[in-house]
Amino acid sequence: MSRRTPLRRAVIALPFVAAITLAFRLDQGPLRAPADPARPGFSLREEAEAVGLRFRHRRPHFDAAIANVEPHVAAVGASVAVTDFDGDGWPDLYFTNSDFGAPNALFRNRGDGTFEETAAAVGLADLNTPTDGVSMGSVWGDYDGDGREDVLVYRYGYLALFRNLDGRRFEDVTEAAGLRRWVNSNGAIWLDYDRDGRLDLYVTAYFRDGVNLWKLTSTRIMHDSFEFAKNGGPNRLFRNLGDGRFEEVTDRLGVGSTRWTLAAAAADFNEDGWIDIYLANDYGPEELYLNERGERFRLSTAGLESESKSGMSVSLGDAFNRGRLDVFVTNISARGYLFQNNNLRVNRVPDDGRFRNVADGAVADAGWAWGAQFGDLNRDGVNELFVTNGFISADRSESYWYAMSKVAGANARLFEDARSWPAFGNASLSGFERSRVYLSRGVAGWTDVASQVGVTDEYDGRAVALADLSNRGVLDVIVANQNQPALLYRNHPDSANHWISFKLVGTRGNTSAIGAEVVIEAGDHRQRRVVDGGMGFASQNDRRLHFGLGDREWVDRAVIHWPSGERQVLSHLTADRLHTITEPRR
Amino acid sequence: MSESISGAATAAPRTASGGGQRVALDPRYLIAGLITLVLVVAQFRYHVVGGYDRLAVALAACMLTEAALSWIDRGRVVNLQSAYISGISLTLLLKPQGGALWPFVLAGYLAIASKYVVRHRDNHLWNPTNFAIVLLLLAAPTRVSVLSHQWGNDLATNLVIWCFGLVIAARVRVLHITLTYVAGFLALNALRATLLGQPIAPELAPLTGPMYQLFVFFMITDPRTIVRGRGPQVAVTILIAVVESLLRLASDRGWPLPTAFNAAPALVALWLVGPVAKFVDLRRGVSAPRTPAAPPSPGVPGAPLSSARDSAPAARVGR
């Protein structure tokens, strides 16, 4: 029996009440605010309209049989890629559109801070047709080694490869290249996996290849699990034969994942000199395919299989200045319903073969997060992280989350059939979310400074790319929003922090040096970056690598790991300039 | 979940003969083993825990709270098995923002402490795990969510859980509660879907999710917090199903409810109805004595079947 006295009751009851009060308080945030919270050291001003970047994405419309879930299925396709298609030294921007008849846009950088739209003139506008499907994104790279960047457009439909003829016109060479394949793809990357100097192509797939979303023969097209789905389309690896043709080597190389891959990125994670592939899969765990000397890939058990989430994007960056590429994968978080949490995976693969997820606090929860990129926006030598988010913004007063919670708990047989899903109507689903701009505070974690630096839009962000658009030594931010206008955030750093950039020129076919990694050392400062052939979600960054240096006025050493396997060391490099480095010839 | 197990824990130790010896099998250990098995299988097959630190923290919070409060309240530390089960339940059901561990500390403490604080006639009113989870969902929805996904969304896992659940419910003599709830859920939600002109299947789908399975087999059948008598038990169960359906109807209509009401209507319905029903039940008279000599009573599953050992203070306090 209880021996209760008023004192005992008080001893038991008071902490109970205090604990309940504490729960309410903790909902507001940490008990202690971080010290010095408001010194991002840069500001971002949205200038798209002002500089002639007028582009509004239009989403696709599919077979009426899945009208009930169309807002969900059609919630992708806004993409942005940075390229210098005309070779004038000024980065240009290519945006995809996703409705029949809606043109893609190629904005040529005039070099005076403004852009002109040239897609139709160069032959890259009208790619969204009932015959071929609609664009989901693009990746640029010099696959034929002629010094000009060509482009692969991936679609919910046929792949499309365009050869850059002279910097002013593009030729559709898909058929001749052997790439006319129907792939319901949300991503692709260029990489030279076999170190033969030629860019190969890895294309990710979402819906199965046999699914034509405009002419459905069955509505059983959805994933068969919210956590471990493997009924997506197979990803495909195409080897560049060097004569303008590509050969599919997916099965031979062992990289045909049928998870619902939304994004891929390539880098040499285990530092063995061969480029590996990292996948972010929707409805499943991430995957790391380690390259075994270009002969095949091995699906690694790097600790990724233990967390199954909804991977949306893969971003590579040196998060803690260790001279290694870490991985940031976005996921879904929704107040009260679901906290999948983003993953910030510290790369320890060269040490023990594993990644360690250290995402915590603010950086773990960016809402329904999509594309993300690492970049040193304030040039202090430490990476910031820009994350886009928001899934479907429709009626503000109506949320689909309640309906989603019913479906998510159901048996696979039910939700695999799109017709079984409750109708979306005009509901929002994690809509009207504000992009995050995370500032690294070292051991204190990451702080969201988006509103402080001027990022306040609530668009449904999908792709984000970083580029030094005005050749100022400053990274600007370009965002493609789903069914909404694209944004250009011009970056204005507060201080005169120093910087250094590298333009790498390959000499073995892959002239844009995709896959090359650079490690700089300046005093005790280290930083690694990779020239990406597609990274984030449906995006590709500036091929030139930008490093912030803080108050350091030179770089002691820069080590370049060329995709060919060549290693080049440069010493005593001057800050505040772009260094053009040509790959040593054998 | 833990509470049904405490009910099972109060069932009479079963004996088994083997080699001429009769060995007493304490159902508490069987049930604790089952919940551990569910955790282990869910973790190794579906990685459901999300970090062993969560498990350690939840277990520590529950067991330390139970030890401390029972010592303060009764002058001795009670059996910690039910706290262990609560810890596992919270680990399975709570999903925090980021890598936060404080929700497990708070939930563990609140779950166990609720048994000592919110009482009437020496009985606690709320199912402890239910109390803590719903309270956190209401107080800190920005930081906490509840298990919403399937464990793989596959039929095999569903069948395993249903089989385990049915065996446990039958053994603890609460199968009628489980079946009543399931029937009520199916009927009321089919009716709601029909009234709203929506497809019926998605409305019935949640019942196949792991959260509901844990709820229907264990939480709603908690012998320490259910009312006495088979008839009242059925009536209260139907009332819970009705309230849940009304909450869902309100969500269908887009009423501005707290997120917890949309995300976990079953848990909220039990949270609202359960303690009121228990309070009324207790007002009807003093609970039946729980003595080892008492014959089994179908209306009070678990309690009359207590062994001498199970009638220790821990059993009276409830789990």
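Restricting the calculation to Cα atoms, every distinct pair contributes to the Kirkwood radius of the protein assembly as shown, found to be 29.1 Å. Electrostatic bookkeeping for A:Glu583 treats Lys and Arg as +1 and Asp and Glu as -1; over the other residues with beta carbon under 10 Å from its beta carbon, the sum is +2.
Distance from the alpha carbon centroid of segment A:221-241 to that of segment A:41-112 works out to 25 angstrom. Put in order of Cβ neighbour count within 10 Å, fewest first, the listed residues B:Ile240, B:Ile220, A:Ile581 become A:Ile581, B:Ile240, B:Ile220. Each of the peptides A:486-495, A:567-576 was scored by the mean count of other Cβ atoms within 10 Å over its residues; in descending order, highest first, they stand as A:486-495, A:567-576. Using the Cβ of B:Leu136 as centre and a radius below 12 Å, the other residues enclosed give a net charge of +1, where K and R count +1 and D and E count -1.
Taken over the C-alpha atoms, segment B:112-219 has Rg and Dmax values of 16.3, 47 angstrom. For peptide A:387-399, the mean count of partner chain Cβ atoms within 10 Å of a residue's Cβ comes to 1. Counting only other chain Cβ atoms within 10 Å of each residue's Cβ, the peptide A:11-19 averages 5. Taking only the Cα atoms of segment A:325-432, the ratio Rg/Rh comes out at 1.08, with Rh defined as the Kirkwood radius.
The convex hull built on the alpha-carbon positions of segment A:166-231 has an orientation-averaged projected area of 7.5 nm². Our coupling estimate for segment A:342-352, obtained by passing each phi through the Karplus curve with A = 6.51, B = -1.76, C = 1.60 and θ = phi - 60°, is 5, 10, 10, 9, 6, 7, 10, 4, x, 8, 10 Hz, Gly and Pro reported as x. Peptides A:9-17, A:378-386, A:178-186 ranked from most to least packed give A:378-386, A:178-186, A:9-17, packing being the mean of other C-beta atoms within 10 angstrom over each peptide's residues.
The Stokes-Einstein estimate for segment B:48-103, based on a Kirkwood radius over Cα pairs and taken at 20 °C with 1.002 mPa s viscosity, is a diffusion coefficient of 183 µm²/s.
Mean projection of the Cα convex hull over all viewing directions, computed for segment A:1-115: 17.4 nm².
Taking the number of Cβ atoms within 10 Å of each Cβ as an exposure proxy, the fewest-first ranking of A:Trp446, A:Trp260 is A:Trp446, A:Trp260. Judged by the mean number of other Cβ atoms found within 10 Å, the most tightly packed of the peptides A:464-477, A:496-509, B:129-142 leads the ranking B:129-142, A:464-477, A:496-509. The mean of 1/r over all distinct Cα pairs in segment B:60-151, once inverted, gives the Kirkwood hydrodynamic radius of 13.5 Å.
Each Lys or Arg adds one and each Asp or Glu takes one away; over the other residues whose Cβ falls under 12 Å from the Cβ of A:Ala558, this sums to +2.
Rounded if a/c is under 1.5, else prolate if a/b is larger than b/c, else oblate: which is segment A:469-586, with a ≥ b ≥ c the root eigenvalues of its Cα gyration tensor? Oblate shape, in that a/c is at least 1.5 and b/c is the bigger or equal ratio.
Read-outs throughout are calculated quantities, based only on the coordinates presented, and are distinct from any laboratory measurement. This is a predicted model, so every value here is computed, not measured. Here the Cβ is made from the backbone with ideal geometry for all residues, glycine too, and neighbour counts use every protein chain on show.
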